[in-house]
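Here's the structure we're looking at; comments come further down.
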Amino acid sequence: MPQRIEVTLKEQLLDAEGQSLCVKAKNYFDIDLHRVRTIHIVTIDADLTPDQTETIRTEIFTNPVTQVSSLRPLDVDFDWIIWVGFRPGVRDNPGATAVEAVEDLLRSPLKPGEAIYTSKRYCLKGNGISRRDAEKIAGELLANDIIQQWAVYDRSQWDPATGIGFIIPKVILDHHPEVATLSIDSDDTLTRLSEERSLSLNPNDIPTIRSYFLKPEVQRQRRQVSLSDPTDVELEYLSQARSDHCNHNTFGGRFTYRDLESGKTETIDSLFKTYIQGPTLELKARKEWVVSVLWDNAGVGRFDRDHNYVITGETHNSPSNMEAYGGAITGIVGIYRDPMGTGKGSRLIMGSYGYCVGPRDYDGDLQPRLHPKRLLDGVIEGVRDGGNKSGIPTPFGQVMFHPGYLGKCLVFVTALGIMPAEINGEPSDQKTILPGDLAVMCGGRVGKDGIHGVTASSATFSANTPAGHVQIGDPYTQKKMHDFLIDARDEGLIRFITDNGGGGLSSSVGESALFSNGCDIQLDKVPLKYDGLDQWEIWISESQERMTVAIDPDHLHRFMALSRQHEVESTVIGTYTDSGKIHITYNGATCAYVDLDLLTSAFPQWEFEAVWRPPALRGLTEPVVGVPEDFAGLILDMLARPNVCSKEWVCRQYDHEVQGTSVIKPLVGAARDVPSDAAVIRPVLTSERGLVFSQALIPMYSAIDAYHMTTCTIDEAVRRAIAVGGDPDHLGGVDNFCWPSVQYDADRNPDGKHKAAGLVRSCRALKTMCMAYGIPLLSGKDSMYVDGHLPGRYGESHKVSALETLQFSVAGVIEDVGQCLTMDAKVPGDLVYVVGLTRNELGGSEYYELFGELGLNVPVVDPDGFAVCYRLMAEAVRKGLLASCHGIYRGGLAVHLALVAMAGETGLAVNLKRVPSDGIDRDDTLLFSESAGRFIVTVAPENRDAFDRLMAGQTAACVGRVTRTPQLKIDGMHGKCIAELTVEQMKSAWKGPFGDLI
Amino acid sequence: MSTKPNVLVLTGFGLNCDLETAYAFELAGAAATRAHINTVIAGDVSLDDFQILAFGGGFSWGDDHGAGVIQALRLKTNIGDRLLDFVAAQKLIVGICNGFQTLVNLGLLPGIDGDYTRRSVALTYNDCGNFRDQWVRTRINPDSPCIFTRGIDALDLPVRHGEGKFYAEDETLQALKDNGQIPMQYAMPDGRPAAGAFPHNPNGSLADIAGICDPTGRIFGLMPHPEAYNHVTNHPDWTRQAEKQKRAGRIDRSKMGAGIRIFENAVTYLGC
């Protein structure tokens, strides 16, 4: 008999959750709620005595100081009640920890099949709230249909005795697992099966797969294990392994690139090999600090003699687009497993985020699945809970708005770890597997989560079918696993470790088996969340919070003891062999028997046609805009642009101080409210060394040329690191490409050739920049197909493609964190310098965007020239010559002078005539051009000569002074003052759009 | 034999500030041991060997049913008597953030009238409705018996929590004031009481309470994180301060953050 406990805050206590719902209802829908009280519901589906339930209620679920509770529905006043609970199979984290608490208190485990489920009901008070209003709040603010179910009650429907009743979202599959054998009598049959089963096999791969299974030698061997035609386990495995996600077919593809201006055609055999692997290997040979790149879950660099740092980044776009919170938390918790699975395992030391979404105030005709406002809220909260609950600081991140992301949002997540340089005398970055080693799965259990990603349809839900394709990350389970694995590593118990991400066991075991050259896996040993999963589902499920570890059988006893101590589930699921085969059994019967080298041989390369029509040939020109008269008003409006304005509300939700390592925080300045150029942490507490980290995203330039988008993005990321004291000789990069589909199709992707050309050009720029700046690519990932089909006003649909986007991350070691600096002007009387040349480069700028223009003159990077300048800037920092340093990025000089003044809460008096420029005779061009390679620095008068000497030969000029009166005063090129703005005015504009958000 | 006091820092189940808390105690002159809660419950690690017990920050059991609630339950159910013995032996206990939440749920704080089992105060959801990371200025009550805050009059520290609003009934609050059990309160930048003003009082705590102690001053719980101010560069103003000092010709070579003073007081008290 299930029991239900309802808990709420005492009447006199503020219900902060209810309060924020009131605020959201007002902001989102203009619905006036008078009051909302939140009731937490714990439904216990277990055979307990009334005494036991009462003990649980009082001892666990009721704080006597703040809460009241009851086994019957609480009598809280309402006009409407909204109940929200999870769908079956959706990860209920509070439900799981409730089980732990109950078992602890009762000192006995729940029986198999028993469980605890959590849900909430909201008691809404308000005049004139209609059912439609209540349903809107339920469906569009509180619940997401994909993972949650909800109900709305008015007074007449609510029975105070039964309340919500007993809703048990238990998964009941009622299915006997079976292996299916699939016919491959022709290519057509396999194509049809691929479609029926959503295998997404590439048409080019189908003959290769068939010919393998038709080989006489293969057939003979298969007969010995009682197999004939391929099984579903095998085909699902091949489908996963050959997917673009796992295999990077686009970056490994063959591109035919034609430039319509020069008329030349060339062929690029693998973007990855040509533009990423090649330069990285060359730089690795030159940079002794590069420890491990290109093969493991993340790249490894040397931090100091005794430590290595680990870095990687990826995106979690499609799931976040469907279920923002679940997608984002799964994304951040997932990327944290990559450093955990690098080398013999590293401890996590920081994370960062990058969100690209549609305009927050979008009110056009297109109907994205989630409105950007709601989507962004969910994504922010997902990464917040994922990072904060993992105990990992999140000191850097960026948010970008553009209508192109209405089709699909981008959620970038980056993770850094640290490990001792040696474990038991062996290099920590190296690992291998010996035949006979045990394959162990650690962490969470396997369910129908993440099978075939998001292709499953929400239409097929019934009351007890699991919401299979959307997952909710569980940082608590993962943190326990993290702590356990670090202890196991330090005891020398781990031979090999990798994470279970995309493709689940099929990917982690399939890839690790290459190290010993084979494996025998017993799928029946894999612990499941519920019965009834087919064998192929167990093999490819992407259920979260799992790592695959190879251990020496001699270490099994100790490994399991440590696992029990940490209350982490670990299970031996098989043995690594040197048979050359992946051999999978279920209750003794073979269900897969595939040669390991099948995947590395014989599959055809994907092919792409790329055609580049340069911007001028596409008809792009500079707009004809006269010189503005009201510069003060213009600057204030620029400061209030969504991609420029303050986003403090996001940073403050992220714990950026945990681990006690913070050196340069995400928000700096006198009032600690202006974003820093970059973050610095001191990951080894006993050391004065630091790690600098920065990222950049400037996808707008892709509308002109993805080549320059790429050079500018990489330049900005590097410049950000230099601005806080980064060492240009020790910077590593991470490239994260997010591109719309590049496969041409006359109907479905008519501009595919152009997007393919953009990708080729972007990769070329990546190579050029990395070689010029000396940045090895420590890690990188690509995410293709950033397109969405959105319904419009008349029932038609529109394909919306994202801007061609590269997020570039930079990390590097700083010798002494005491030399780091921040971007705020510090002392009145200091000199203000602009370093670097401003050119007429307004193409793709924020300024043009303000007027709805694109332009043509996109900023052009001079990589070799800038590299020299950055070395000198780094020397200036080392010599202590700078009081502040700030790069000039989106919005140009005007915006960034304003930020320097706002951060210092001081004035700046600047004369534009003295700003180094080339071919500019207009104040607006000088103020808003986004030319790369520039800094604003402030210098104490006594350091002026030294700085001038150091920068001799470089483009740098003193353009004004820091003043005591907190006012930005700009004298124009033609002598007269063109703008005077107080810090207060500027902050008010800059904080205007999102300043009320907390 | 080392004369350093031994500190036990608990780990496991989603706790996450153990490394820097142990480091902070080491900087202060103690010998710190990090141990998983289950090893203490199993008796592999004995409380008898320690003079200081530290409940650190984190999200124990995900904080899913009220911050620190399940941790308190696990400890009370399994080693509740050993904890009371530890208190009775006049040893020191500090609870930081999640640790503070755990101490109040265990009843080790506020310990009014020597009752170390009663839950009479709570740390509940921030009034701002969200998790928040910021630095606060705290003022220290010189009349409090609190061991950990001796000789300090103000301290800047980071807060990072979603459930830090101190709440108690009027009567309890009055008793805390009367007993000097409110050693640490949120303040304005100039040192005046925050008087509830957000964000200086970041969570809506009654009486601006940032930390309380038991009547003996040996048990201290606080929401701000002194262990995260272990180095001068942790402070948000350090680059501004450093530049001003440089101009004044002063060079401060000390790298230690002011938060360490909290831990030093514990070590000093133990006479080491």
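The values are calculated or read from the model by the stated rules, or taken from the named source; none is laboratory data. On a predicted model such as this, the values are computed, not experimentally measured, just so you know. Counting neighbours? That spans all protein chains shown, and the Cβs are built from the backbone with ideal geometry, glycine included.
Here is the figure for the range A:917-951: residues that are closer than 24 Å to A:GLY843 by Cα, surrounded by fewer than 18 Cβ atoms within 10 Å (Cβ to Cβ) and touching a strand residue (DSSP E or B) at 6+ places or on another chain (Cβ under 8 Å) total 2.
Starting from residues that are small (Gly, Ala, Ser) and surrounded by 24 or more Cβ atoms within 10 Å (Cβ to Cβ), keep the ones in the range A:645-670 and report whichever is farthest from the other protein chains (Cβ to nearest Cβ). Applying the filter and picking the extreme gives A:SER646. Can you find a residue that is within 20 Å of the chain's Cα centre (by Cα), under 19 Å from B:GLY56 (Cα atoms) and away from chain A (no Cβ under 14 Å) anywhere in the range B:123-132? No, that holds for no residue. For the range A:77-99, the criterion of being surrounded by fewer than 16 Cβ atoms within 10 Å (Cβ to Cβ), within 28 Å of A:GLY450 (Cβ to Cβ) and either free of Cβ contacts under 8 Å to residues at least 60 places away in the same chain or in contact with a His (Cβ under 7 Å, 6 or more places away or on another chain) (or both) is met by none of the residues. For the range A:712-746, the set of residues classified as crowded, with 24+ Cβ neighbours inside 10 Å and acidic (Asp, Glu) consists of A:ASP715, A:GLU716, A:ASP735, listed by residue number. B:THR77 versus (1) polar (S, T, N, Q); (2) buried (at least 24 other Cβ atoms within 10 Å of the Cβ); (3) touching an Asp or Glu at 6+ places or on another chain (Cβ under 7 Å): which is the lone unmet condition? The single condition B:THR77 does not satisfy is (2). Among the helices (runs of 4 or more DSSP H) contained in the range A:216-278, which hold 2 or more residues that are of a type in the set (S, T, N, Q), touching a helix residue (DSSP H, G or I) at 6+ places or on another chain (Cβ under 9 Å) and crowded, with 18+ Cβ neighbours inside 10 Å? By residue number, A:232-242. In the range B:208-250, the residue that is nearest to the chain's Cα centre (by Cα) out of those that are at pLDDT below 95 and assigned to a loop (DSSP other than H, G, I, E, B) is B:ARG250.
A:ASN736 satisfies every condition listed in (1) within 27 Å of A:ALA298 (Cβ to Cβ); (2) at pLDDT below 95 except (2).
Filtered by the rule that a residue be outside any loop (DSSP other than H, G, I, E, B), more than 16 Å from A:LYS120 (Cα to Cα) and touching a residue at least 24 places away in the same chain (Cβ under 8 Å), the range A:1-26 gives A:LYS24, A:ALA25. Among the numbered conditions (1) among the small types (Gly, Ala, Ser); (2) farther than 30 Å from A:SER243 by Cα; (3) part of a loop (DSSP other than H, G, I, E, B), the only one that A:ALA602 does not meet is (2).
Inclusion of B:ARG150 among residues that are surrounded by fewer than 22 Cβ atoms within 10 Å (Cβ to Cβ) and touching a residue at least 60 places away in the same chain (Cβ under 8 Å) is warranted. Taking the range A:532-550 as the range and being in contact with a strand residue (DSSP E or B) (Cβ under 6 Å, 6 or more places away or on another chain) and closer than 19 Å to A:GLU569 by Cα as the test, the residues that pass are A:ILE538, A:SER541, A:SER543, A:GLU545, A:ARG546, A:MET547, A:THR548, A:VAL549, A:ALA550. Checking the stated criteria, A:ALA640 turns out not to satisfy the condition of being at pLDDT 95 or above and within 14 Å of chain B (Cβ to nearest Cβ). Restricted to the range A:186-199, and to residues there that are at pLDDT below 90 and of a type outside the set (S, T, N, Q), the residue that is surrounded by the fewest Cβ atoms within 10 Å (Cβ to Cβ) is A:GLU196. Within the range B:36-62, the set of residues being more than 8 Å from chain A (Cβ to nearest Cβ) and of a type outside the set (A, V, I, L, M) comprises B:GLY43, B:ASP44, B:SER46, B:ASP48, B:ASP49, B:PHE50, B:GLN51, B:PHE55, B:GLY56, B:SER60. Restricting the range A:32-48 to residues that are closer than 23 Å to A:ILE164 by Cβ and in a loop (DSSP other than H, G, I, E, B), the residue that is nearest to the other protein chains (Cβ to nearest Cβ) is A:LEU33. The number of residues in the range B:13-56 that are surrounded by fewer than 24 Cβ atoms within 10 Å (Cβ to Cβ) and at positive phi comes to 2. With a requirement of 2 or more residues that are among the hydroxyl-bearing types (Ser, Thr, Tyr) and closer than 22 Å to A:ARG57 by Cβ, the strands (runs of 3 or more DSSP E) lying completely within the range A:72-170 that satisfy it span A:115-125. Exactly one condition in (1) over 28 Å from the mean Cα position of the chain (by Cα); (2) more than 14 Å from every other protein chain (Cβ to nearest Cβ); (3) not basic (Lys, Arg) is not met by A:LEU106; state its number. If we test A:LEU106 against (1) over 28 Å from the mean Cα position of the chain (by Cα); (2) more than 14 Å from every other protein chain (Cβ to nearest Cβ); (3) not basic (Lys, Arg), just (2) comes out false.
Yes or no, residue by residue, for (1) among the β-branched types (Val, Ile, Thr); (2) closer than 26 Å to B:PRO215 by Cβ; (3) at pLDDT below 95:
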residue	(1), (2), (3)
B:SER2	no, no, yes
B:THR11	yes, no, no
B:ALA32	no, no, no
B:VAL45	yes, no, no
B:ALA54	no, yes, no
B:GLY58	no, no, no
B:PHE86	no, yes, no
B:ILE96	yes, yes, no
B:GLY99	no, yes, no
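B:ILE41 falls short on exactly one of the conditions (1) of a type in the set (A, V, I, L, M); (2) in a helix (DSSP H, G or I); (3) within 16 Å of B:HIS225 (Cα to Cα), and that condition is (3).
Tell me, yes or no, whether the range B:249-267 has at least one residue that is touching a Lys or Arg at 6+ places or on another chain (Cβ under 6 Å) and more than 11 Å from chain A (Cβ to nearest Cβ). Yes, there is a match, as at least one residue in the range B:249-267 is touching a Lys or Arg at 6+ places or on another chain (Cβ under 6 Å) and more than 11 Å from chain A (Cβ to nearest Cβ).
Scanning the range A:803-851 for residues that are buried (at least 24 other Cβ atoms within 10 Å of the Cβ) and either at pLDDT below 95 or of a type in the set (S, T, N, Q) (or both) returns A:THR805, A:GLN807, A:SER809, A:THR822, A:THR838, A:SER845. Within the range B:215-232, the set of residues being buried (at least 24 other Cβ atoms within 10 Å of the Cβ) and among the hydroxyl-bearing types (Ser, Thr, Tyr) comprises B:TYR229 only.
Checked against the criterion of being within 29 Å of A:LYS120 (Cβ to Cβ), away from chain A (no Cβ under 12 Å) and polar (S, T, N, Q), the candidates B:THR33, B:THR102, B:THR3, B:THR77 yield just one match: B:THR102. Evaluated against (1) among the hydrophobic types (A, V, I, L, M, F, W, C); (2) at pLDDT below 95; (3) within 39 Å of the chain's Cα centre (by Cα), A:MET1 falls short on exactly one condition, (3).
Table: residues versus (1) assigned to a strand (DSSP E or B); (2) assigned by TED's automatic domain parsing to the domain that holds A:CYS885; (3) not β-branched (Val, Ile, Thr).
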residue: A:ASP921; (1), (2), (3): no, yes, yes
residue: A:LEU926; (1), (2), (3): no, yes, yes
residue: A:GLU930; (1), (2), (3): no, yes, yes
residue: A:ILE936; (1), (2), (3): yes, yes, no
residue: A:PHE947; (1), (2), (3): no, yes, yes
residue: A:CYS958; (1), (2), (3): yes, yes, yes
residue: A:ARG961; (1), (2), (3): yes, yes, yes
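Note on the range A:383-399: residues that are within 8 Å of chain B (Cβ to nearest Cβ) and under 12 Å from the mean Cα position of the chain (by Cα) total 1.
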